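The values are calculated or read from the model by the stated rules, or taken from the named source; none is laboratory data. Computed from a predicted structure; not experimentally measured. Methodologically, a virtual Cβ is constructed for each residue, glycine included, from the backbone with ideal geometry; neighbour enumeration extends over all protein chains shown.
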Amino acid sequence: MNQIYSKCIICGTELIPFIKEIWDDRYGCPGIFAIERCPNCGQMATIPRLQESDLPELYSKYYPRSKVVYEELTVEADRVKLPGAAQTRWWEGTDNQGHYLAKSGQKVLDIGCGSCLSLLELRNLGVEAYGVEADPSVQAIAEHFDLHVHIGNIHDNPFPDEVFDLITLNQVIEHVPDPAALLQIVKKRLTEGGQIVLSFPNGDSLQRKLSGSRWINWHVPYHQHHFNRHSFTILAEQEGFEVTRFRSVTPNLWTLLQMAAMGKPPIEGDASSSWGATDAIASPSKWNFKRIAKGLLRRVRPLANPLIGLNNRFFDVLGQGDSLIVVIQIKR
């Protein structure tokens, strides 16, 4: 494979090889890619990079949300109203989703709303919710639930008459070809004092360091950028934001899926049964992770799951969790 060298999106330094060959070990998208790393700020990138025009076909083909079971989606969304729901999310590590910080009465835009679970949860929390999603398969879900969803991307200027108290990007910015341009656009859609909450895989996590090329969050070619706390802070400040909160969170199911990924060497072009590539749902939401890992959960309970939870919460406190969640606002 011929290496394609490029510049770091954060600091402009020339990237150097980090992983020479890697491929889609979840859904079997064909092609061999590489990971390159910035020696200055540590930011990493999937090479070759995708264009915005590549995304609709890629996601509609390999994230088949057209087969979502509406009744199951409703049941999962209703869990947000249960007593102790916030504590359960903390223990399971599924509180790495920015929309849980929304308050009743706010107007929220979720960019990359996927299966629309976040929008249904927000509705249950008394929030006026809007979504943007590149996957055209999501149109049917939005229509079924009568949700405000724009099929396309934020560059289309969706909902032009609306501004938002909170804008969320749950496991999204790593997919976006031009993260800086995205931040500039969403800055214009905030109310005064509004916030943006992002979550994305932690390129400096312990799991990434231990797993090497088998780390599940390389997720090529869908994840184009691999941020760490330092590199994202630089990006946010360059685009006129200040970081008000940072923490790391590891979903327990990510750990189970990582364990499964370490057990069998991936084959280029083959989909993984662990990720439910041929299942009814393929969405990056926590709901999908729960569904595709039911068998794993049954096998590890009751001993392993509590141990995984304790281990994950410990490394989260140390900042070594597999996902980062960050709150930013416009600099005053």
* Structure fact -> A careful count of residues in segment 241-265 that are exposed (fewer than 14 other Cβ atoms within 10 Å of the Cβ) and within 17 Å of the chain's Cα centre (by Cα) gives 0
* Are any of the residues in segment 36-48 touching a residue at least 12 places away in the same chain (Cβ under 8 Å), buried (at least 21 other Cβ atoms within 10 Å of the Cβ) and of a type in the set (Val, Ile, Thr)? -> yes
* Asked: Within segment 69-80, is even one residue among the hydrophobic types (A, V, I, L, M, F, W, C) and exposed (fewer than 14 other Cβ atoms within 10 Å of the Cβ)?
  -> yes
* Find all pairs meeting these conditions: Cβ atoms under 6 angstrom apart; at least six residues apart or on different chains; first residue within segment 17-32 and within 16 Å of Asn217 (Cα to Cα); second residue of a type in the set (D, E, K, R) and in a loop (DSSP other than H, G, I, E, B). => Trp23/Glu268; Gly28/Asp270
* Asked: With (1) charged (D, E, K, R); (2) within 21 Å of Ile267 (Cα to Cα); (3) assigned to a strand (DSSP E or B) as the list, and Arg26 as the residue in question, which single condition is left unmet?
  -> (3)
* Please name all residue pairs, on different chains or six or more residues apart, with Cβ atoms under 8 Å, provided the first residue is in segment 154-167 and is farther than 21 Å from Ser199 by Cβ and the second residue is outside any loop (DSSP other than H, G, I, E, B) and small (Gly, Ala, Ser). => His155/Ala181; Val163/Gly194
* Meets criteria (free of Cβ contacts under 8 Å to residues at least 40 places away in the same chain, surrounded by fewer than 21 Cβ atoms within 10 Å (Cβ to Cβ) and of a type in the set (Val, Ile, Thr)) for Thr88 -> yes
* To do: Please work out which one of (1) surrounded by 13 or more Cβ atoms within 10 Å (Cβ to Cβ); (2) polar (S, T, N, Q); (3) closer than 30 Å to Phe314 by Cβ is the condition Ser60 fails and give its number.
  => (3)
* To do: Could you please find all residues in segment 191-244 being touching an Asp or Glu at 6+ places or on another chain (Cβ under 7 Å) and closer than 30 Å to Val163 by Cβ?
  => Thr191, Gly194, Phe200, Pro201, His223, Gln224, His225, Phe227, Arg229
* Can you name every residue in segment 116-155 that is β-branched (Val, Ile, Thr) and out of contact with any Lys or Arg (no Cβ under 9 Å at 6 or more places or on another chain)? -> Val132, Val149, Ile151
* Asked: Before we move on, is Tyr62 farther than 30 Å from Ile234 by Cβ, touching a helix residue (DSSP H, G or I) at 6+ places or on another chain (Cβ under 7 Å), at pLDDT below 95 and of a type in the set (Ser, Thr, Tyr)?
  -> no
* Name the single residue, out of those in segment 117-156 being at pLDDT 95 or above and in a loop (DSSP other than H, G, I, E, B), that is farthest from His175 (Cα to Cα). => Gly126
* Asked: Only one residue in Ala45, Ala86, Ala34 is touching a His at 6+ places or on another chain (Cβ under 8 Å) and either at positive phi or not in a loop (DSSP other than H, G, I, E, B) (or both), so which one is that?
  -> Ala45
